[in-house]
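Report on one structure; see the data block that follows.
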Amino acid sequence: MTKLLYYISLGVLLFPTILNAQLQNSSFHKHGVHIVSEENFIEVVGANSSFIGITFTKDVKYYIHNKKGITYLSDISLPESYDSSFIEHSPKSRNIQEILSDLEVNYFKITANRKNGRKELSYDQEIENIQMVRLDNRYGEYNRVHFQAKGINIGDTLEISYSYTVPFRQNYWHFLSNRIFFNSSIFKEYYTMQISYPKKVNVEIFPRNGAIQDSIQEIGSNKIYHWTKSNLKGNLLEIDSRPYTELPYFILSIKPLDYTYNMPDSYIQKYMPTYVIYADRREYEQMSIIRSMGQEVKMKQFNLIRKFYDLHTEKEEVENYKNLNLKSLKNYIADSLKFLNDIKYFENIDNYSPNIGSHLMKGELRDISRYEAYVAFIVKMRLSYLCGYAGDKRSGLVDDVFFRPMATSDYFLLPIGPDGRMSYILPKSDDFGYYLNEYPFYYENSLARLTHLSDYRNEDRLIKTELRQQIMPGSNFLDNTRTTSVMAKVNCSEKSIDFTARVSLSGQYSTMTRGLYMKNYKDETVDPLYHKKLWELSEPAVLKKNTITILEKDYPFKTTLDANYISTSSINIQADTVEILIKDLINHITKAKACQGERTLNYYPDILGTDNYVYMFQFDKAVKIVETNLNLNVKNSFGEYILQIDQLTEYSIKLSSHFSVYKELVAVNEFQEVCEIYNAIEEKAPKSIRLIRQ
């Protein structure tokens, strides 16, 4: 008995130490809080789509460690996402967000547990009105409810309880395939999830990565799923991870009783396959284009489409004209057509038909009809095509269970050429557009779910249910290059540097950065380092010249940039000491922040390839490098970094920086190799070169 009491006491004493160690290695230092307990309850009521309601109830206890924690919890907004790792790709004007329609808050309460007792805290409540395009291509009014608590203190255990209800019908695209992660960006000591729904409703729960329920109960007319977890790390948003491949989650799919169709020549009803509900909404407008273009209807808009086609394509007598014309049209649209964001249409101000042909002839591509324009050209060439719903491989792949990217994200058109090969068209969604068979790295080697209108639009046949997927082709290491060669004339008298630069882009370096220089296009889903122009230094340089030359509109899309700019912020002169500030001159795309704190998930770099910088500094005065041992050479299985600084003559020095990434997946136990390279670039590399005038 004495020994038993001893071990119990020892466990009580050790538990805070063990927990504290876990917290020190978790994300709490970033947000200043951790979750002591979180209890979730999702209740589905009703059976028909018009009457189903979903209620979310949460009771969560946060411990406030520091001021960051107070800031983190100073604004709590509903609805709360259970999948903050999802990445949306659609035109900005559509403003697609993870938000629900017709949300009704049932209650909200916040209580602080302190040494001197419990205190219910007051809060301000604000309604944020959000305009987001619905699936009918019009803006819908959505609300996000904000609660700003008052009087939170460091050391508080904050209890937050709330409940809200949303209707299924207005949010069906969300609940047909709703991914729910247990982890978030906050460490959780204790976690429960409970889901209750009527047994007569077709609700399916698909667990992934060990997210098997602990129990299933049947109470009355309801079925109840229950999960309990502990010590969940706050790693859902770890940089360059793919949480869906490692962390536990499940997909909740609610199918109302009326989401059925009649089998051909029968009164027997079957549930509509989930992919059809999404695909039919996205592809519906293509039907009329296919009929009208296929039948060569002689109406104004179709005549104008054919006229545009004839202006930018080869005649049928030309060998391989279909493939040539497909490339010609896609690339002309990418280079020359202005993208119209259709905000007035979304606002219901513009109620006119899309008038595809008129806009094409004016050099315009409308958001609302951009897919139909490409389909019209494909049909004109008498080619078959498929639609390809490719998930961003960083956040999830479309399969037979997960359909969220099909709801609102951009998808591909895959025309099939005379030789049976597929081409890949990612329709333009901004003034900058990608060429035929070109797309960002996050689609490379992803899986695209393929659909065809005949899969579900033929009333005489059963709807096809088999999963068809296509691996999206990827680029290779040797083709992904960026080479920046710069002649820098240093004028010590005027304290300025005149840069003449040539940047050669190939592969994904061209795809991801070419648009920045051509149209100032920025893909907001990638690291901001992709958005930094060569002359954007600590203080903006004076740009004198900027010329873009597209060398190849086929893979690897080779492009050159020639620029001339003058900077006064890249040089410091004190007496006879000259300092060249090189930190801003080299912009290797690294993710050094990924090395801050504990790494718990595998690491996936964006691009395998090579990034080279070579600067030739020519001085108007004789100079000599003061410091030695500035060079670096770090190489491991992940990549390589070489920095070389050489004095060539008394009037010139050469700076070269080489960065390569070799490995597309780095296991978490090898992550130190990533940090070895990144830290060399960000921390060990000299920030400047100091010289003495002779």
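The values are calculated or read from the model by the stated rules, or taken from the named source; none is laboratory data. Predicted model, so just to flag it, every value in this text is computed and none were measured. Cβ coordinates were reconstructed from backbone atoms using ideal geometry, including for glycine residues, and neighbour counts include every protein chain displayed. Keep in mind that these areas ignore ligands, DNA and RNA; they rest on the heavy atoms of the full protein, side chains included. Shrake-Rupley method; radii C 1.70, N 1.55, O 1.52, S 1.80 Å.
Details
- Tally of residues being open to solvent by 30 Å² or more (accessible area, probe 1.4 Å) and modelled with pLDDT under 95 across region 240-260: 4
- Filtered by the rule that a residue be open to solvent by 20 Å² or more (accessible area, probe 1.4 Å), of a type in the set (A, V, I, L, M) and either touching a residue at least 24 places away in the same chain (Cβ under 8 Å) or in a strand (DSSP E or B) (or both), region 542-572 gives Val542, Leu543, Ile548, Ile550, Ile566.
- Cβ pairs under 8 Å, 6+ apart, first in region 98-114 and touching a residue at least 24 places away in the same chain (Cβ under 8 Å) and of a type in the set (A, V, I, L, M), second open to solvent by less than 30 Å² (accessible area, probe 1.4 Å) and part of a loop (DSSP other than H, G, I, E, B): Ile99/Pro79; Leu100/Pro79; Leu103/Pro79; Ile110/Leu121; Ala112/Leu121; Ala112/Ile152; Ala112/Asp156
- Subset tally (residues that are open to solvent by less than 40 Å² (accessible area, probe 1.4 Å) and either touching a residue at least 40 places away in the same chain (Cβ under 8 Å) or of a type outside the set (Phe, Trp, Tyr) (or both)) for region 223-239: 7
- Some residue of region 173-183 being open to solvent by less than 40 Å² (accessible area, probe 1.4 Å), polar (S, T, N, Q) and part of a strand (DSSP E or B): yes
- Residues satisfying the stated conditions in region 454-490, i.e. more than 30 Å from Asp280 (Cβ to Cβ) and polar (S, T, N, Q): Ser475, Asn476, Asn480, Thr481, Thr483, Thr484, Ser485
- Single condition Glu539 does not satisfy, out of (1) closer than 25 Å to Phe412 by Cα; (2) in a loop (DSSP other than H, G, I, E, B): (1)
- Annotation note: of Thr628, Thr649, the sole residue that is within 25 Å of Thr500 (Cβ to Cβ), out of contact with any helix residue (DSSP H, G or I) (no Cβ under 8 Å at 6 or more places or on another chain) and either in contact (Cβ under 8 Å) with a residue 24 or more places away in the chain or of a type in the set (Val, Ile, Thr) (or both) is Thr649.
- Scanning region 269-286 for residues that are of a type outside the set (D, E, K, R) and either open to solvent by 50 Å² or more (accessible area, probe 1.4 Å) or on the phi > 0 side of the Ramachandran plot (or both) yields Gln269, Tyr271, Tyr284.
- Region 616-633, residues that are closer than 18 Å to Thr649 by Cβ and out of contact with any strand residue (DSSP E or B) (no Cβ under 8 Å at 6 or more places or on another chain): Thr628
- Close pairs from region 416-433: first over 26 Å from Asn341 (Cα atoms), partner open to solvent by less than 30 Å² (accessible area, probe 1.4 Å) and among the aromatic types (Phe, Trp, Tyr), Cβ under 7 Å, at least 6 apart: Ile416/Tyr385
- Taken over region 591-623, the residue count meeting the criterion of being under 30 Å from Val490 (Cα atoms) and of a type in the set (Gly, Ala, Ser) is 1.
- Index of the failed condition, Gly420 passing every other in (1) modelled with pLDDT under 95; (2) open to solvent by less than 10 Å² (accessible area, probe 1.4 Å): (2)
- Entry remark, region 134-151: residues being at pLDDT below 95 and either open to solvent by less than 30 Å² (accessible area, probe 1.4 Å) or not in a strand (DSSP E or B) (or both) number 10 in total.
- Residues located in region 568-588, provided they are among the hydrophobic types (A, V, I, L, M, F, W, C) and closer than 20 Å to Asp646 by Cα: Ile571, Val578, Ile580, Leu581, Ile582, Leu585, Ile586
- Number of residues in region 454-479 that are at pLDDT 95 or above, surrounded by 15 or more Cβ atoms within 10 Å (Cβ to Cβ) and over 22 Å from Tyr244 (Cα atoms) equals 3.
- Within region 99-133, the set of residues being open to solvent by less than 90 Å² (accessible area, probe 1.4 Å) and out of contact with any strand residue (DSSP E or B) (no Cβ under 7 Å at 6 or more places or on another chain) comprises Arg114, Gly117, Ser122.
- For region 564-578, taking the residues that are among the β-branched types (Val, Ile, Thr) and touching a Ser or Thr at 6+ places or on another chain (Cβ under 8 Å), the one that is farthest from Lys624 (Cα to Cα) is identified as Ile566.
- In region 311-353, the residues that are touching a residue at least 40 places away in the same chain (Cβ under 8 Å) and in contact with a helix residue (DSSP H, G or I) (Cβ under 6 Å, 6 or more places away or on another chain): Leu329, Asn341, Asp342, Ile343, Tyr345
- When residues of region 131-167 are limited to those that are hydrophobic (A, V, I, L, M, F, W, C) and touching a Lys or Arg at 6+ places or on another chain (Cβ under 8 Å), the one nearest to Gly53 (Cα to Cα): Leu135
- Residues located in region 288-320, provided they are outside any helix (DSSP H, G or I) and surrounded by 13 or more Cβ atoms within 10 Å (Cβ to Cβ): His312, Thr313, Glu314
- If you go through region 495-527 and keep only what is closer than 30 Å to Val623 by Cβ and in contact (Cβ under 8 Å) with a residue 60 or more places away in the chain, you end up with Lys495, Ser496, Ile497, Asp498, Phe499, Thr500, Ala501, Arg502, Val503.
- Region 382-398 - residue that is aliphatic (A, V, I, L, M) and part of a loop (DSSP other than H, G, I, E, B) and, of those, most open to solvent (accessible area, probe 1.4 Å): Leu397
- Strands (runs of 3 or more DSSP E) (entirely within region 582-694) containing at least 2 residues that are hydroxyl-bearing (Ser, Thr, Tyr) and open to solvent by less than 20 Å² (accessible area, probe 1.4 Å): 609-619, 652-661
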